[in-house]
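Notes follow once the structure below has been shown.
Every number here is computed from the coordinates shown, using simple stated rules; none is lab data. Keep in mind that this is a model prediction, so the values were computed, not measured. With ideal geometry, Cβ positions are generated from the backbone for all residues, glycine too; neighbour counts draw on all protein chains shown.
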Amino acid sequence: MTKRFGFKFGLLAAKFSAVAVVAVASVFGADKASAEDFKLVSGWPVNFPFTEQIIPRFIEIVKKEAGGNVNVTVSGPDTVPSFEQLQPVQAGVFDMTFTHGAYHSGTSGIGLAVDAVINDPVRRRTEGIFEFMDKHYQTKGLKLIALPSIGTKGFGFYLRDAVTGVPGLQGRKIRGTVSYHELIKGLGGAPVNLPPGDIYTGLQRGTVDGAAWALVGAEAYKWDEVIKYIAKPTFGQLSNMIIMNLDRWNSLSPKMQAALTEAGRLIEIESIGVFDKMQVAEELSLQKKGMMITQFKPEEASRFETMFSEGVWAVAAKASKDDTEKMRALAKSKGMTD
């Protein structure tokens, strides 16, 4: 399926399974032959809230800053699976990817390590965190463009059954990327890796008893149809990434590079407020659909942030030990992590 947008971006009506490619383009009266064409692959369907709220706005800012001569074709995980998108960008098959660091943690741990760093987009840039990550990715043939966050808080658990004791996930199989694995195990659960599009079926069939996930998106995936509990407290930060092929970046004019840089900076600032509001609205909506709140016991809940942060750093170090240690030392020196 392909769509073209002019000056406005709206909700896509297609179901996730039907979405393969969407072309997001505008020439603003410019000669089409002179436009800069980009191909972007997203780890989530184009009508999923992450992609839908961030990528059209990012493109809108790029077009404004560049004078309008920009065409972007956006593909979803139906084109390339979420966990397999980094290599095609490194190879230049796609110019950019919109992803999360956990989806390529076998190649680099640095993208997921940022979830253990205070979620302040301005400080992440002024204190050198963004620059450090950018230099790391450049050694892999990639250029970091943006770290848009999905709200002030990042994650939570969605469960089939209520939390009743300690440890709160004892004996349960919980879907979670490597970002969550140490926390899940610390709570007595067994982590199971599943791509986003497979979680509904896993919950429905009982392959997993719950899922660790962002605080936006469970409703879009219709998990309320197969499970009934939203667990508290929430925890951590969630920063997705826009990454570009380094050769493609180096081929761009200074004006286009500046446009991408400014779009990345602005989308980081804007995304927090946008998703904070969406998180509140989604939780209320899920409750109206019958989902209920369940609470981890205070003795566990009080340790969530530390357990999550330590787990993220540990997993990141397995893939990128030296740079993870340097990044953590930098963040500690700036008071931005434990």
TODO: Specify which residue in the list 304, 242, 171 is farthest towards the positive end of the charge dipole of segment 170-329, using unit charges on the beta carbon of Lys, Arg (+1) and Asp, Glu (-1), about the Cα centre.
DONE: 171
- [ ] Among the lysines, select those whose C-alpha is under 17 Å from the C-alpha of residue 153, and discard any that sit fewer than 8 residues away in the same chain.
- [x] 232, 277
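Kindly put 134, 338 in sequence by how many other C-beta atoms sit within 10 Å of each C-beta, fewest to most.
Fewest-to-most Cβ neighbours within 10 Å comes out as 338, 134.
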Open item on the list: Calculate the FRET efficiency for residue 37 and residue 190 from the Cβ-Cβ distance with a Förster distance of 45 Å, rounded to the nearest 0.05.
Closed with: 0.50
Task: Using alpha-carbon coordinates, inclination of helix 49-66 to the longest axis of the chain, degrees - done: 20 degrees
Task: Rounded to whole Hz, the Karplus (6.51, -1.76, 1.60) HN-Hα couplings of segment 207-219, x for glycine and proline - done: 4, 10, 9, x, 9, 8, 7, 5, 7, 10, x, 4, 5
Open item on the list: To test your reading of the geometry: what angle, between 0 and 90 degrees and rounded to tens, separates the Cα axis of helix 254-288 from the longest principal axis of the chain?
Closed with: 30 degrees
TODO: Note the full-extension length gain between residue 322 and residue 161 as 0.36 nm times their separation in residues minus their Cα-Cα distance, in nm to one decimal.
DONE: 53.9 nm
TODO: Taking H placed 1.01 Å from N in the peptide plane, check which residues at least 5 places from residue 146 or on another chain put their amide H under 5 Å from its amide H.
DONE: 242
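Nearest 5 is fine: what % of DSSP beta bridges in the chain come out antiparallel, could you say?
Bridges in the chain are about 55 percent antiparallel.
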TODO: Pairs of Cα atoms under 8 Å, at least six residues apart: use those to get the relative contact order of the chain, whole percent.
DONE: 23 percent
- [ ] Report the net charge of residues surrounding residue 150, where surrounding means a beta-carbon distance below 13 angstrom and charges are Lys +1, Arg +1, Asp -1, Glu -1.
- [x] -4
Open item on the list: Can you give me the convex hull volume of the Cα atoms of the chain, divided per residue and expressed in Å³?
Closed with: 120 Å³
Task: 5 angstrom amide H check on residue 229, placed H, neighbours 5+ away - done: 159, 292
Task: In sequence order, calculated HN-Hα J values of segment 78-95 (Karplus, 6.51, -1.76, 1.60; Hz; x Gly/Pro) - done: 5, 8, 9, x, 3, 7, 10, 8, 5, 4, x, 6, 4, 7, x, 5, 10, 7
Open item on the list: Sort 288, 185, 63, 318 by Cβ crowding within 10 Å, fewest neighbours at the top.
Closed with: 288, 318, 185, 63
TODO: May I ask for the angle, rounded to the nearest 10°, between helix 321-333 and the longest principal axis of the chain, with both axes built from Cα atoms and the value confined to 0 to 90°?
DONE: 80 degrees
TODO: Beyond 18 Å between alpha-carbons counts as too far, so tell me which of 173/318; 222/289; 228/289 fall in that bin.
DONE: 173/318
Task: FRET efficiency, 1/(1 + (r/R0)^6) with R0 45 Å, evaluated for residue 78 and residue 329 via beta carbons - done: 0.65
- [ ] Among 49, 126, 315, pick out the residue whose Cα is farthest towards the positive end of the charge dipole of the chain, where Lys and Arg carry +1 and Asp and Glu carry -1 on C-beta, about the Cα centre.
- [x] 49
Open item on the list: Is there a quick way to get the dipole size of the chain? I mean about its Cα centre, with the Cβ of Lys and Arg at +1 and of Asp and Glu at -1; what is the value in debye to the nearest 20?
Closed with: 260 debye
Task: Helical mean residue ellipticity (222 nm; -39500 (n - 2.57) per DSSP H run of 4+; nearest 500) of the chain - done: -12000 deg cm²/dmol
TODO: Estimate the FRET efficiency between residue 152 and residue 201 by the formula 1/(1 + (r/R0)^6), using the beta-carbon distance for r and 45 Å for R0, to the nearest 0.05.
DONE: 0.90
TODO: Could you let me know the centre-to-centre spacing of segment 261-282 and segment 159-182, using Cα atoms, in angstrom?
DONE: 28 Å
Task: Table column - 3J(HN,Hα) (Hz), segment 307-312, Karplus curve with 6.51, -1.76, 1.60, x for Gly and Pro - done: 4, 5, 4, 4, x, 4
Task: 104, 181 arranged by Cβ crowding within 10 Å, fewest neighbours leading - done: 181, 104
- [ ] Hey, can you grab everything whose amide H is under 5 Å from the amide H of residue 190? Only 5+ residues off in sequence or another chain; H modelled, so Pro and N-termini drop out.
- [x] 172, 173, 174
Open item on the list: Expected output is a single nm value to one decimal: the length gained when fully extending between residue 140 and residue 232, i.e. 0.36 nm times separation in residues minus the C-alpha distance. What is it?
Closed with: 29.3 nm
Open item on the list: Given contacts defined as C-alpha pairs under 8 Å and at least six residues apart, what's the relative contact order of segment 83-209, whole-number percent?
Closed with: 18 percent
TODO: Among the lysines, select those whose C-alpha is under 25 Å from the C-alpha of residue 64, and discard any that sit fewer than 8 residues away in the same chain.
DONE: 3, 8, 32, 39, 143, 255
